[in-house]
Each structure stands twice: as structure tokens, then as C-alpha cells.
Amino acid sequence: MLILSRHQTSANSPTSSGGSTGRSDQGNVFQSGLVDVVCFLEGGVGIGGSLTAIAHSWCSSLQEYNLRTDQPLEMETTCGSLLSELQKIWDEVGEVDKIRDKMLFELEQECLDAYRRKVDQANRCRAQLRQAVADAEAQLADICAALGERPAHIKKSSGSLKKELQEIMPQLEDMKKKRNERKGQFAEVLKQINSISTELSGSTEENFNTVVIDESDLSMKRLDDLRNQLLLLQEEKGERLKQVLDQLNVLKALCLVLGMDFKLTVCGVHPTLDDSCCVKSISVDPIKSLSATISRLKDVKLQRMRRLQDLAMTMVELWNLMDTPAEEQLMFQNVTCTIAAAESEITEPNSLSLEFINNAETEVIRLQEMKTSKIKEVLLKKRLVLEEICREAHMVVERQFGTDFSLESIDSGAISPSFLLEQLENQISKVKEEAFSRKEILEKVQKWFAAREEECWLEEYNRDDNRYNAGRGTHLMLKRAEKARVVVNKIPAMVDTLKLKAKAWEKERKIEFLYDGVGLVSMVDQYCELKHLKEQERQRQRDQKKLQGQLLAEQEAIYGSKPSPSKSGNKNARPSTGGAGNKRFSLGGAMLQNTLADKAALASRSLLKNNPVKRQSSHNHSNSGLMAHSSGKKNTSTGPVKHRSSNASNSQHAEPLPLRKALSPLSSLSSNIISCNFQDHNTKSGDFQDTHIVCKTPAATTPTKNVSTHDENRTPKTMPIPVPATPPTVSAAMQTATTPFTPGVRIAGEFEYSFEEKRAGFVLPRSHSKPLQLV
Amino acid sequence: MTAAAPPSTGRELLSPPTDGISNLRFSNHSDHLLVSSWDKSVRLYDASANALRGEFMHGGPVLDCCFHDDSSGFSACADHTVRRLVFNYNREDVLGRHDAPVRCVEYSYGTGQVITGSWDKTLKCWDPRGASGQERSLVGTYTQPERVYSLSLVGNRLVVATAGRHVNVYDLRNMSQPEQRRESSLKYQTRCVRCYPNGTGYALSSVEGRVAMEFFDLSEAGQSKKYAFKCHRKSEAGRDIVYPVNAIAFHPIYGTFATGGCDGYVNVWDGNNKKRLYQYTKYPTSIAALSFSRDGRLLAVASSYTYEEGDKDHEPDAIFVRSVNEVEVKPKPKALPNPAT
């Protein structure tokens, strides 16, 4: 009330002053207050109206201002006073109205401009505020959208803009904070994902080191997605790790079994896989190479296992074959126990190591060698059996060997021993069969030989003129002769049947019947021919005798009787054949005759066989050969003494030397030869040549001369045991002999030369030695 | 009786000597092989590569050769000279001369001396380090009872086998006189003498298919161990044909030894157990020389006619290098042991 009154009073003064400026109704202005002033002004002159409007507006604005500041009065007074002052001035100056109006108008204009400026300013400020609010709201909305949350702020229309802004700002700050937190979470998760995926991919350089976060989508859903992804990756990582560990374990087991160095193998695959390395690479490459290694090792294991099983099989077979003692088997129990094991069952350390397999292999090789040596033994035995059968059946052994049966060929691997064994078995059965089929004929042959023996004996006996002389054992001889005559009479029939049988046999078999390599039929034929010739000879002799008898008779008739010259000559020529010799013989003669018949036949056969050519070449010769049968028999019965003597006589031609005394008996002959070669340079050249030839013999060109002298005491070829003197690989004992010191036997004046000296033509420069021209 | 499989004689070396091979030896350091021949040459082969590495021509047939080290060697020539050969530079110089063809040469690693034996009935020791010229390099001359036919060294022991079946055993440290004078236990001319690798004795072979195993130890116990055995013979028609035993070579590891004879066979023997371990398939002609490589894995075999029957047609000279299987040379004890596990 006080204020209003004051206002009224303050307003009164200008109006009163304005009214007092020359207008008639000025007093009203002062009384009616402000509105009246304006009206006054408007109602009055235009200028006055505008002035009042200005004042009014001032007043109102000031009033408004005063209401807030409580200092209105000065302003009002200042404006009003200024106006009145201006009025006063104008009045004093006597300014014309026109100028006054203009001035007022200017004033008014200026006032308006000031107002307008301020309003514009305020307007701009408001717009800024609005913008800020809108921005904040938009930001908020964005963040909310990004965070995937419903905007918490519901826009309130009430309240001023500043308030709104004030309300929204903290929210925005909040949300920003929230967003940053979220970003941090995202970054962390993404980082983990990245690290795991790099680990999984195995790329050593970290490709996307900077974690790119999609700002537009930071929703929980996405975060959850990422977390799930991370979990998945972690799981995968775990799986991989487990896989790697599993594989490492498998590898370890494999290495153990195969006897390989695990660490070395693993480092070869990937250096980080080593046990000592805590961080294991789990990327694809090492896993792949690891699994490749494992599969390779598995292959190796499988291979080795098969090999070992093969070895074990052969080993067991060989054991069974050779009855190997259990303690020897025990050592390789661990080999044979794998024989039926599956691959997975073999887990024992080193059970498939190379060393182990090699051991097993060497054992198998040893066993196989043993086996071959045993087979060889068996082979030799079988061969002996075969030869025995052949010998008994008087077949030629060599002919039976279609294949090479030598041990050398086994060693060289040309023939497998088992094949050979089979062959040999076949041969034996074949030979047995053949021997069986020959049996009948052979018996006949035997009889025939016996008969021939008797025939020979009889012939000799008949030639003995003293056969009828009385003496010890004569009656036995007579008996034998009687029997022999019976036998001899049977010979032609025997020969005929033999020939028939042999021919039938030959027809059946379509091969020649060979008796110790000589055709039986031809033998029989020869015999018949021989007999025929003998018969003729006998006939001739008989004729001659008869003629002689006639002559004798004639001479007797003329000159009287004379003792027969032929008889007395015979007596002198053959003093001992029938008489004393046979007498001594006669005690055991019958028995000997039987037991030795076979042997004798053999001896004669060997002779027949050894020089069949000779036999066929001349019948006369073979006649003497037949005669020699009996003498041969005697030879065999008299024993080896005679052989040796013949041997000695044989070596006689090499001239006795003092050196020979020192010779060992076994190599006497050949060493003689060599000694001849070295000692006998100066002997007759012919002699030297001879020995030289013998020395050359390795090429098997043994001179026929030697053969003929040796035939007598050479073992017949049909006799078995041609055991190779030196079976290779089978270790043979040396032929050793202790060698006592022997005083050297040196021949003065003659020099030995080594091969080199001879070749180089080196001759010792000695005056008394005869120079030798050897080259 | 012919085996169908090709004879496993070993690998034949390319470009062999064109005439009789007098000796061959493996190096102590490599698989190089030195070969002397009657074609007046000494050849150096790389046995493992089968390649000819060098060739030296001499004035006469070369009767023996030996290695000095891997890069040089010595040769004994029928032109009375002893030569030193340097392989790297293909250089040769005359170490000295004998009065007759030099039959054999040995190098002693212990004393660093070359020992040569000649048909002039002397043994000479040479110092190969001396400047060339006989006066400087000749260490000593030692008269022998007869022409030297074969030499062998082990440690400080030197065994000299001569004509007339003499055997002298020297100690290299005192060459003034023989440590032992012996006569060969065999009754025929000595062909070859080789010491045991363990240094306890020597093996001596003769022209009459026999090898004597001798011991240095002169005590009764030592001498009771000696023996002789027959080998390289062929039984034919109840008679032995006897061949000279030209070569003996001891296995450096097992102490077993191989002998080669004019029958073309190489036999491997176990002297301790008196067993023959192996016989290789027959070579085309006489075995002139044998040598095991330093580790005993290779055996060089010279299949070359040794003129035992004078001048005649013969198979071409060849060198075979065969790899030696352990079973062929490993001694087989009488009781079969368990195989090594």
C-alpha cells in the first residue's frame, strides 16, 4: 500500500509536470494515475501519447523489475525525471514541438531497439537452452538405445527449460558412466575372446591387438552373446588342451613302447609341447602335426608289431621244430607273448623298440641257421639212406640226382633245403619202388654171379693137373667141383630167364636195366659171347690135343713111348694154384665161398664198372679181367697190406729222396709230387715233366696212368659217403697235428726258389750251383 | 654240380692291375687300399667308393707295398729299390737300395722305421724322415741266413721268414741279433708269415697246404700250444691235391684269420678253437693276397695267378672287396652261448 502510494505520487509528478507543459487538461493527468497519463498522451498530441507509452512501458518493466529487486524507485525517478528535465529544457529552450516530437520519436525508437535486442538475446538464449535440452535428451536416448535400456526419463512438459536441463544432465552423466562401464566390460570380454582365438588359431603375432568395440550396440544381450562366445571359446580351449594332453599321453605311451625318446619326439613336433614347457600351444598346426606324428608312430608300431609277430611266429615254429629247451625259450618269452596281442595290448615299455626287435631277429636268424644246419644233417643222412638203397639195388647213385644236392648250393641259396629234402624224399621213395621192382631180377643176377664164380673156379680147378692127387681136403674139392658142375650146367637156362626178365622189365619201364651203371642185357650178352668164344677155344684146344695125341701115337708107334711134354710143362708153370693154395683155403673154403660171394661179386663189378670200355674193346682182355675177379677177391681178403705195397710201388717212380721220410702219411703221394717239383729240378727232364703234370692236377686232368694204378685200391664209386670235404659255413674242425721240431733236411748244392723268384728269373749268384733257366 | 646263384665273391674293383698282384693292404685310417703288382705299378684305391685314386709306375715289378700314413706309403720293387710314395702330390722318391730285388716291406709305427727284406739275404731298416739319399735314411743292415720271403710286425716284434725254412724273431729295439732263431715247423718252403694281433705268436704258411700256429713264449707251456693244420687241399680220387697257402690275414678285432691258397679259396679260421669258420666261394684263380680293413668289416681279396705253375694262361687279375659278415669271422666258442640280449 505504501509502495503503491509512493508510486502514485511518483507518477503524479511527471504527469503533473507534463500537464503543466502547456496543455489544458494537464491537471487530470496528475490525478488519474499512470493509465490516465497514457490515455492523456494518446488522446493528446501523438507525441505526447508515444511519450506516455514509453513511460508506461518503462514503468511496467521497472515495476516488474522492482518487484524482484525492491529498488524500483530510482529507475522510475530517473526516467521520469529525465523526461521532465527534458521537458524543462525544451521549455526553456523553447524548442518547437516538431523537434520535440522528433526527439521523442528518436528516443522511442532507441528504446524499442534496445528492447528488441534484449528480446532477441533472450530468445537466442532460450533456443540454446532448448537445443541443449534436446541434445541431452537425444544423447540420453542414444545411450539408452545403445545400452538397450528403456529411457528412464519421461519428458515432463512442466517446468522451465533450465529446470529441464538441470534434471536431464545428471541422468545423462549417469548414463554415460554406465556406458563407460559397459564398454569396459565389452573390452574385457573381447580381449579374452581375442586372446583365446589367437591361441586357437596359432598365429603368433596378435592381429587385432586393438579391441574394436561397436559403440552402437552395447546391450546386455550382446554382452551376454559375447560372454557365451567367450565361454564357448574357453570350452574349446579346454577341449583342445585336453586333446593335446591326451595326444601327448598317447605319444608318450607309443614312445615308451617303441623305445624312442619322448622328449625328442615331442620337441620335433612342436617345441612348446615339451613337458617342461608349461604353456602348450594348442593351435591347429601342432595338434595336426601331433596327430600326424601319432598316426605315424602308430603305423610304425603296427609295422613293428607285425614284424615282431612274424618273428615270434617263426621263432615258435622253429622252437617246435627243433624242440628248443624251455630255458632257452624263456628268454624270448616276451617276444612270443606278443604273438596274438592286438595293437592296443602292447603297452610294455620297449616291447617294440628296435633293439628288442633286432634281438629277436638275431635269435631267429640263429635259429634258422641252426635249422638249416640240422636240415643239412638230415639231408646228409637221407642221402646216405638213398645211396645205401641204390647200392643195395645196384643202381648208380649219380644218375638219381636230377637236382643239385650239394651243400654248397644250399649255402649259396640256390635251392631251399626243405625243397631239397622233399626232393630227396621223393627220390628215396622212387628209388625204393624201383629197387623193389628190381629185386627179383637182382636175385637172379646174384645167382648168376655166384654161378659164374663157380664156373671160374671150376675152370681153374680143371686146369690143375694135380686135382686128383690124394691129399688133405681133396674130397671137399671134389664135392665142390661136383656141385659147381651142376650149377654151371644151369647157367644157360639162368641166363635165358635173366635176359627175359630183364627185357620184360625194360619193356615195362621203357628204360634200360642198369646194373651198377652197366646194362644188364649187354652184360649177359657179353657173357654169352664170351662163353661161346671160350667154348670155341676149348674146342680148338681139344682138337689140338687130339691132333697131338695122334701125333704122339704116331711117334710112339715109331719111337716108343715118351712122357708128355705138355704135362710136365704145366706142372712147372702152375705149382700152387689148385694144390697147396686151395688146400689151405679149403678148410674154410666152403664157408668163405658163401659169405664172400657177394663181396667178390662186388669187387668184380667195380672192376667191370671202372673200365667197361676196356671190357668191351677186347674180349681177350676181358677174359683176363674175368680171371682177375678171383684174384681180386683174394686181394680183398688179404687185406690192405697189398694195397699199400701197390701204392708204394706206384710212388716209386718219383725216386726216393731223403726228404720223403719226413712226410706225413696222409698226403704222402701229393706232397711227394711237390717235393719232386722243388727238389728234382736237376734230375732227368722226363721225370720232371712227369711230376709237373701231376702237380698241375687241380684241373682234374689226372693222367690215365695214375688212374689205372689207383683203380685197384680206389673205393668203388657206388660206395656212399661222398661227403663234401669242406662244407662251407658249418665250422669244421681243423686237421691239426702237433709239429715237433724236426731237424731241417737240406740238400747241399740245390736251391729252392719261391714262385716270385722263379717268375722274376732271380738266380742265386753261387759259383758251384748250377744256374737254372726257369723263365 | 654248379650252383645256380651267382658266386658271392664281393665287389670287384674297377681298373685292376694288368699283371699279377703281389700284395694289397688296407690303410689303418681309412678304407683306402694300396696294391702292388707285377705290372710295375702301385695303385691306391678307395675301396668304399670303388675308385682308383692314384698310380705310381716303377722301374720293375713291385713285390710289396705298405702304408706310412693315409697320405703316403712305401713300396718294395724288383729293381732293388725301396721307394716312398706321397699320394697327394703323386710324388715318389727312392728311400734306398738293396743288392737284389726287395721282397717285402713293413712300416713300424712304434719306431717310425721302414723295414725291408730282400733276396740279397739282408734286412734293412730305414728312417723315412731322413733326407733322400741312402746314407742318411739307412738305419741298419742285418744279414739273414737266406733270402727273405716274408715279414710281419707286431708291437716291437718282427718275424722274418726266409728261404730254407728259417724264421728269425727280432726285437725292433735291439736289432743287432735275433731274439730267437727258429726253423719252420713245416717241412716245406715258407710262403707267408703273419703275427697274431695280440702279439703272442705268428702263423706261418707253406707251399704244401699247411699253416703252423707258433708262439713266441719259449716255455714248455707256451710251446705246447703250437700246432699246425692242413688246408687248401682237394681230395680227389683218394688223394690230396695240395696247394700253396699264399696269404694269411688276421682279423683286427676277433683275432681270427683268413688264408688264401692257390686253389682259389679263402678260408676263415678260428685259431683258438681250432675251427674253420667259413669258406668263401671259389675265386677265379689263386689268392695272392688278403687284407682286412681297419675295422675288419671289409676283406680285400687279390685273385691273381701266382705263377705256381710257371707261365701259362690264367684268369685275369682281379681285386674283390667283400663286406665281412660277423658270423664269418666271429669265433664260435664250443659251448653255444645265449645270443646277446
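The values are calculated or read from the model by the stated rules, or taken from the named source; none is laboratory data. The shown structure was predicted, so the numbers you read here are calculated from the model rather than taken from an experiment. All Cβ positions, glycine included, derive from the backbone under ideal geometry; neighbour counts span all protein chains shown.
Descriptive notes on the structure:
- Given (1) among the aliphatic types (A, V, I, L, M); (2) under 30 Å from B:Tyr307 (Cα atoms); (3) more than 8 Å from chain A (Cβ to nearest Cβ), number of the condition B:Leu172 does not satisfy: (2)
- Residue match in the stretch B:126-135 (condition: within 14 Å of chain A (Cβ to nearest Cβ) and either surrounded by 21 or more Cβ atoms within 10 Å (Cβ to Cβ) or farther than 24 Å from B:Ala247 by Cβ (or both)): no
- Output for the stretch A:481-522, where each listed residue is among the hydroxyl-bearing types (Ser, Thr, Tyr) and farther than 20 Å from A:Cys390 by Cα: A:Thr497, A:Ser522
- B:Ser235 being surrounded by fewer than 22 Cβ atoms within 10 Å (Cβ to Cβ) and farther than 24 Å from B:Thr281 by Cα: no
- Selection from the stretch A:456-470 of residues that are surrounded by 14 or more Cβ atoms within 10 Å (Cβ to Cβ) and in contact (Cβ under 8 Å) with a residue 24 or more places away in the chain: A:Cys456, A:Trp457, A:Leu458, A:Glu460, A:Tyr461, A:Asp464, A:Asp465, A:Asn466, A:Arg467
- Only a single criterion out of (1) part of a strand (DSSP E or B); (2) over 27 Å from B:Thr306 (Cα atoms); (3) not hydroxyl-bearing (Ser, Thr, Tyr) is not satisfied by B:Arg53, namely (2).
- Verdict on A:Val119 being at pLDDT below 90, β-branched (Val, Ile, Thr) and surrounded by 10 or more Cβ atoms within 10 Å (Cβ to Cβ): no
- Tally of residues being farther than 14 Å from B:Arg43 by Cβ and in a loop (DSSP other than H, G, I, E, B) across the stretch B:59-75: 4
- Selection from the stretch B:80-96 of residues that are more than 16 Å from B:Tyr107 (Cβ to Cβ) and in a loop (DSSP other than H, G, I, E, B): B:His80, B:Asn88, B:Tyr89, B:Asn90
- Failed criterion for B:Ser36 (all others in (1) away from every other protein chain (no Cβ under 12 Å); (2) buried (at least 21 other Cβ atoms within 10 Å of the Cβ) hold): (1)
- Filter result for B:Tyr254 (touching a Pro at 6+ places or on another chain (Cβ under 9 Å), part of a strand (DSSP E or B) and either surrounded by fewer than 23 Cβ atoms within 10 Å (Cβ to Cβ) or within 10 Å of chain A (Cβ to nearest Cβ) (or both)): no
- In the set (1) surrounded by 15 or more Cβ atoms within 10 Å (Cβ to Cβ); (2) at pLDDT 80 or above, the condition left unmet by A:Glu235 is number (1).
- Selection of the stretch A:412-455 for residues being under 21 Å from A:Lys381 (Cα atoms), acidic (Asp, Glu) and surrounded by 15 or more Cβ atoms within 10 Å (Cβ to Cβ) yields only A:Glu434.
- Hits in the stretch A:307-334 (condition: more than 18 Å from the chain's Cα centre (by Cα) and crowded, with 19+ Cβ neighbours inside 10 Å): A:Met315, A:Phe332
- The one condition in (1) away from every other protein chain (no Cβ under 12 Å); (2) within 28 Å of B:Gly261 (Cβ to Cβ) that B:Arg91 fails to fulfil: (2)
- Residue in the stretch B:122-133 that is among the polar types (S, T, N, Q), over 21 Å from B:Gly222 (Cα atoms) and in contact (Cβ under 8 Å) with a residue 40 or more places away in the chain present: no
- Whenever a residue of the stretch A:273-298 is assigned to a loop (DSSP other than H, G, I, E, B), its partners that are modelled with pLDDT of 80 or more and of a type in the set (A, V, I, L, M, F, W, C), lying with C-beta atoms within less than 7 angstrom and at least six residues away or across chains, give the pairs A:Lys280/A:Leu241; A:Lys280/A:Val244; A:Ile282/A:Leu241; A:Ile282/A:Val244.
- Extreme residue, surrounded by the fewest Cβ atoms within 10 Å (Cβ to Cβ), among residues of the stretch B:174-190 that are in contact with a strand residue (DSSP E or B) (Cβ under 7 Å, 6 or more places away or on another chain) and over 22 Å from B:Lys124 (Cβ atoms): B:Glu183
- In the set A:Lys444, A:Lys507, A:Lys490, only one residue is touching a Leu at 6+ places or on another chain (Cβ under 6 Å) and among the basic types (Lys, Arg); that residue is A:Lys444.
- Residue match in the stretch B:220-234 (condition: more than 8 Å from every other protein chain (Cβ to nearest Cβ), outside any loop (DSSP other than H, G, I, E, B) and out of contact with any Phe, Trp or Tyr (no Cβ under 7 Å at 6 or more places or on another chain)): yes
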